[in-house]
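Below is one structure, written out as structure tokens; comments come after it.
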Amino acid sequence: MLNTPKIESERSEIWLQKIAYADVIKHIKEMLGPAAEERGVKLKTEVIGKENYSINTDKQILGIILECLVANAINYSSSGQEIVLDIRKEGEYFIFSVKDSGIGIPKEEQDRIFERFYRAANAKTFKPDGTGLGLNLAQMLAQRIGAKITFESEVGRGSIFYLRIPRG
């Protein structure tokens, strides 16, 4: 979050490198596993059959984007629920997905969810201390590396966020 002004100014450089999907999963589990455990949420990752997937992108930026998406899923899920981080190949893209069964985003607020400081009404009630910066930052960073974030959500049923990132 502290790097947001630097990221917005686009002064930070993009460092492309080959990143193994397994390393991405390991990083997310190390960074957010304790928070998920503390909240009573199970963080599940799909790795089988994808061990050889590698993405050519900026490792730090990819990590921050996924941390934002997974942290949001943890924050808006209740104890006993599950979050699933997965990846699939689709043409010239890898598509990461972060699926939760948390509070979901009201349909009438979905078009504003990536705005800086914006939080859906049910999010403010469920977790009053959020900042409304995570999804905004994730979207800015995705654009920097030529990726796109989309989502599906239904109140009371959860959300699935997708990060579509070029394979090459």
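Is there a residue in the stretch 20-34 that is part of a helix (DSSP H, G or I), of a type in the set (Gly, Ala, Ser) and surrounded by fewer than 20 Cβ atoms within 10 Å (Cβ to Cβ)?
Yes - at least one qualifying residue is present in the stretch 20-34.
Find the residue count for the stretch 86-106, including only residues that are closer than 20 Å to Leu32 by Cα and either surrounded by fewer than 15 Cβ atoms within 10 Å (Cβ to Cβ) or of a type in the set (Phe, Trp, Tyr) (or both).
Adding up the residues that qualify gives 1.
I'm trying to understand the selection: among the residues of the stretch 157-168, which are in a strand (DSSP E or B) and in contact with an Asp or Glu (Cβ under 9 Å, 6 or more places away or on another chain)?
Listed by number, the residues that qualify are Gly158, Ser159, Ile160, Phe161, Tyr162, Arg164, Pro166.
Of the residues that make up the stretch 37-49, is at least one of a type in the set (Ser, Thr, Tyr), in a strand (DSSP E or B), open to solvent by less than 50 Å² (accessible area, probe 1.4 Å) and out of contact with any helix residue (DSSP H, G or I) (no Cβ under 8 Å at 6 or more places or on another chain)? Spell out how you get there, then give the answer.
Taking the stretch 37-49 as the starting set, the residues that turn out to be of a type in the set (Ser, Thr, Tyr) are 45.
Subset that is in a strand (DSSP E or B): 45.
Checking which are open to solvent by less than 50 Å² (accessible area, probe 1.4 Å) leaves us with 45.
If we keep only those that are out of contact with any helix residue (DSSP H, G or I) (no Cβ under 8 Å at 6 or more places or on another chain) as well, we get none.
No, that holds for no residue.
Please name all residue pairs, on different chains or six or more residues apart, with Cβ atoms under 7 Å, provided the first residue is in the stretch 67-85 and is open to solvent by 10 Å² or more (accessible area, probe 1.4 Å) and the second residue is assigned to a loop (DSSP other than H, G, I, E, B) and of a type in the set (Ser, Thr, Tyr).
Gln81/Ser101; Glu82/Ser101
Give me the pairs: first residue in the stretch 146-168 and closer than 19 Å to Gly134 by Cβ, second residue among the acidic types (Asp, Glu), beta-carbon distance under 7 Å, and six or more apart or on different chains, which are they?
Close Cβ pairs satisfying both conditions: Gly158/Asp100; Ser159/Asp100; Ser159/Glu152; Ile160/Glu152.
Condition check ((1) within 14 Å of Glu67 (Cβ to Cβ); (2) in contact with a strand residue (DSSP E or B) (Cβ under 8 Å, 6 or more places away or on another chain); (3) modelled with pLDDT under 90) across all residues:
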site	(1), (2), (3)
Glu8	no, no, yes
Lys18	no, yes, no
Lys26	yes, no, no
Glu30	yes, no, no
Gly33	yes, yes, no
Glu38	no, no, no
Lys42	no, yes, no
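The values are calculated or read from the model by the stated rules, or taken from the named source; none is laboratory data. Just so it is clear, the model here is predicted, and its values are computed rather than measured. Cβ sites come from the backbone with ideal geometry, for glycine too, and all protein chains shown count toward neighbours. Quick note on the areas: whole protein, heavy atoms, side chains included, nothing else; ligands and nucleic acids left out. Shrake-Rupley method; radii C 1.70, N 1.55, O 1.52, S 1.80 Å.
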